[in-house]
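Structure record follows, encoded as structure tokens.
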Amino acid sequence: MERVILIKYGELTTKKGNRKFFIQTLYQNIQKKLKNLDVHITKDISRMYVTFQEKDLEIILKKIQEVFGIHTFQVARKVPTDIKTIQEACLEVMKEEDFHTFKVETKRSDKSFPTPSLEFSRQIGGIILKNIENIQVDVHTPDVLLQIEILKGYTYIYTNKQYGLGGYPVGCQEKALLMLSGGIDSPVAGYLALKRGVPIDCVYFEAIPHTSLNAREKVISLTKKLAKYKDKINLHIISFTKIQEEIYKNCDSDYTITIMRRMMYRIMEKLSLKYKALAIVNGESIGQVASQTLHSMSVINQVTNMPVIRPVACLDKLEIIDLSKKIDTYDISILPYEDCCTVFVPKHPVIHPTLKKCLENEEKFDFSKLIDEAVETHQTIVVEEEMEDFSNDLF
């Protein structure tokens, strides 16, 4: 019996006119993910099929689990649509399982198959009960659910359904730029943007010597974690030192974080135009810190016309931490290397800033030239999941 991996779509099935585009994008993403393995992938309107070498099965399943747009996947036996062959295959599959209770479900897409679905499930269940000892049927909470899908010409039999990441395939939306700090929230925001099909570049603001090279390496490591969902990610590194020093030299101390965020948004808009991105993504969560009150967000946001997407805006910190652990970024995020958003935090940052006061502070120094310089001198590295660590000598 041939074994094949069945991949079933999730939210993609809600699409109508664009469904083929979404499926093709998912198909290409799976091809990229499995490019170094001996596989053959075919697709139709409802699922994909991956034939594989048995020695590669474990790594293939792991990689499929990292592809957005998949609802479920399972390793299935593929046999001719012949009653005796199906019966023998089902018994063989169940003899390989360790269970006390089971249930059989049949989906008969081929209506020319002579036995109705419910009746065929009963027949298969009877064969299993007759040939395997100390088991019984449980239609509510079985240890093993045996599923049979009968199509014209061939039938799929499986028990090991696994859930994928869901969402949309990365690349079915336009690009966005992620403001990636070394904290817990922004990598989670990047993950959630990718889950909606949005390919991202990452932007990191550093202020050497006030921030360390270790902080930069931390951000590169976080980008690697996100890169496994997108093949590779461009990381744009902005030198923010001059801007930050001017802010702290000229602006009211309680407004420094607000002005700093406004400068970052201005830079993000220029980078978005340069790299043809249609939105800015960040890890802001309502009320979590002074710059993330609704007053602050409103005042900061007024420097840009770009859409600002905040995927974790309505999550509490514990929910964000749970997600960061799920995507394996938490242990990196809590490493004790400060970024430019935390290294100069004032004792009493304003939580109800006004636009008038922001403009008054910004008139105290010529930020336009500094912003242009930061954009013109930024550096970009291409980050891949499997790449070796970059030497700091490159920067």
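The values are calculated or read from the model by the stated rules, or taken from the named source; none is laboratory data. In this text, all values refer to a predicted model and were calculated from it rather than measured experimentally. FYI the Cβ positions are ideal-geometry reconstructions off the backbone, even for glycines, and counts take in every protein chain you see.
A single member of LYS130, LYS78 is assigned to a strand (DSSP E or B) and not assigned by TED's automatic domain parsing to the domain that holds LYS195, and it is LYS78.
The condition (being in contact (Cβ under 8 Å) with a residue 40 or more places away in the chain and within 24 Å of the chain's Cα centre (by Cα)) is satisfied by just one residue among LYS43, LYS33: LYS33.
Of the listed requirements (1) modelled with pLDDT of 95 or more; (2) touching a Ser or Thr at 6+ places or on another chain (Cβ under 7 Å), TYR248 misses just one: (1).
With the structure loaded, tell me whether VAL203 is within 29 Å of LEU57 (Cα to Cα) and of a type in the set (Val, Ile, Thr) or whether it fails that test. No, not satisfied. A search for C-beta distances below 7 Å between a residue of the range 93-122 that is touching a residue at least 60 places away in the same chain (Cβ under 8 Å) and of a type in the set (A, V, I, L, M) and any residue that is surrounded by 19 or more Cβ atoms within 10 Å (Cβ to Cβ) and not in a strand (DSSP E or B), counting only pairs 6+ apart in sequence or on different chains, returns VAL93/THR159; MET94/ILE128. For LYS8, the conditions (1) free of Cβ contacts under 8 Å to residues at least 24 places away in the same chain; (2) within 22 Å of ARG108 (Cβ to Cβ); (3) in a strand (DSSP E or B) all hold with the exception of (1). What are the residues in the range 185-200 that are over 9 Å from the mean Cα position of the chain (by Cα) and surrounded by fewer than 23 Cβ atoms within 10 Å (Cβ to Cβ), if any? PRO199 - this is the single residue of the range 185-200 that is over 9 Å from the mean Cα position of the chain (by Cα) and surrounded by fewer than 23 Cβ atoms within 10 Å (Cβ to Cβ). Residues that are modelled with pLDDT under 95 and assigned to a strand (DSSP E or B) were ranked within the range 150-162; the one that is surrounded by the fewest Cβ atoms within 10 Å (Cβ to Cβ) is GLN162. Exactly one residue out of GLU88, GLU92 is surrounded by 14 or more Cβ atoms within 10 Å (Cβ to Cβ), among the acidic types (Asp, Glu) and outside the structural domain of ASP231 (by TED's automatic domain parsing), and it is GLU88. Does GLN31 satisfy the condition of being under 19 Å from GLY197 (Cβ atoms), in the same structural domain as LEU151 (by TED's automatic domain parsing) and not aromatic (Phe, Trp, Tyr)? For GLN31, the condition - under 19 Å from GLY197 (Cβ atoms), in the same structural domain as LEU151 (by TED's automatic domain parsing) and not aromatic (Phe, Trp, Tyr) - is met. Could you list, in sequence order, all residues of the range 1-30 that are surrounded by fewer than 17 Cβ atoms within 10 Å (Cβ to Cβ) and touching a helix residue (DSSP H, G or I) at 6+ places or on another chain (Cβ under 8 Å)? MET1, ARG3, THR13, LYS15, ARG19 - these are the residues of the range 1-30 that are surrounded by fewer than 17 Cβ atoms within 10 Å (Cβ to Cβ) and touching a helix residue (DSSP H, G or I) at 6+ places or on another chain (Cβ under 8 Å). Quick check: is even one residue across the range 133-141 assigned to a strand (DSSP E or B), in contact with a helix residue (DSSP H, G or I) (Cβ under 8 Å, 6 or more places away or on another chain) and of a type in the set (A, V, I, L, M, F, W, C)? Yes, the range 133-141 contains a residue that is assigned to a strand (DSSP E or B), in contact with a helix residue (DSSP H, G or I) (Cβ under 8 Å, 6 or more places away or on another chain) and of a type in the set (A, V, I, L, M, F, W, C). Screening the candidates LYS347, LYS317, LYS357 for the property of being of a type in the set (Lys, Arg), assigned by TED's automatic domain parsing to the domain that holds TYR204 and modelled with pLDDT under 90 yields one hit, LYS347. Out of the residues in the range 209-219 that are surrounded by fewer than 19 Cβ atoms within 10 Å (Cβ to Cβ) and not small (Gly, Ala, Ser), state the one that is nearest to the chain's Cα centre (by Cα). Filtering first and then ranking leaves GLU217. Exactly one of (1) in contact with a Phe, Trp or Tyr (Cβ under 8 Å, 6 or more places away or on another chain); (2) within 25 Å of PRO199 (Cα to Cα) is unmet by LEU273. Its number? Every condition holds for LEU273 apart from (1). Restricting the search to helices (runs of 4 or more DSSP H) fully inside the range 208-300 and requiring at least 2 residues that are touching a strand residue (DSSP E or B) at 6+ places or on another chain (Cβ under 8 Å), within 23 Å of SER368 (Cβ to Cβ) and touching a residue at least 12 places away in the same chain (Cβ under 8 Å) gives 256-274. For PHE205, the conditions (1) buried (at least 17 other Cβ atoms within 10 Å of the Cβ); (2) part of a helix (DSSP H, G or I); (3) not β-branched (Val, Ile, Thr) are fulfilled apart from (2).
Any residue at all in the range 157-171 that is in contact with a Pro (Cβ under 9 Å, 6 or more places away or on another chain) and in contact (Cβ under 8 Å) with a residue 12 or more places away in the chain? Looking through the range 157-171, at least one residue is in contact with a Pro (Cβ under 9 Å, 6 or more places away or on another chain) and in contact (Cβ under 8 Å) with a residue 12 or more places away in the chain. Of VAL139, VAL144, VAL170, all but one fail to be closer than 30 Å to PHE205 by Cβ and either of a type in the set (Val, Ile, Thr) or loosely packed, with under 15 Cβ neighbours inside 10 Å (or both); the exception is VAL170. Among the conditions (1) at pLDDT below 95; (2) surrounded by fewer than 21 Cβ atoms within 10 Å (Cβ to Cβ), the only one that GLY182 does not satisfy is (2).
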